[in-house]
Amino acid sequence: MSDPDGQIRNLLARCGLDFEPECIEFHKTERIVRTASAGQVRKPVYTVRHWNVATFRAVCALAGGNRGLIAISFAD
């Protein structure tokens with residue numbers, strides 16, 4: 001993603017949610033994370049070049065009916 005700030009703001013707006021600075025720096029949280037992606041929560045957003053086809057397919061599978069939101073992230 002070449003513009004994480006803009007893309008995150010766009011995604012939040014489409015979901016009807018307010019932007020907060022913590023949305024950009026989520027990886028700096030000290031809260032306990034108990035999800036399958038706990039390791040990823042501690043890292044900043046990757047650029048598009050770090051993604052591959054398998055990762056994209058996995059994200060699409062997890063998104064289910066919200067694939068339009070994923071397309072926003074890959075539009076740039």
Verdict on SER73 being within 13 Å of the chain's Cα centre (by Cα), modelled with pLDDT under 75 and surrounded by fewer than 10 Cβ atoms within 10 Å (Cβ to Cβ)
no
Restricting attention to region 10-35, the residues that are within 13 Å of VAL45 (Cβ to Cβ) and not hydrophobic (A, V, I, L, M, F, W, C) number exactly 3
Of residues in region 1-39 being touching a residue at least 60 places away in the same chain (Cβ under 8 Å) and in a loop (DSSP other than H, G, I, E, B), the one nearest to ALA58 (Cα to Cα)
MET1
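The values are calculated or read from the model by the stated rules, or taken from the named source; none is laboratory data. The model shown is predicted, which means the values in this text are computed figures rather than measured ones. Methodologically, a virtual Cβ is constructed for each residue, glycine included, from the backbone with ideal geometry; neighbour enumeration extends over all protein chains shown.
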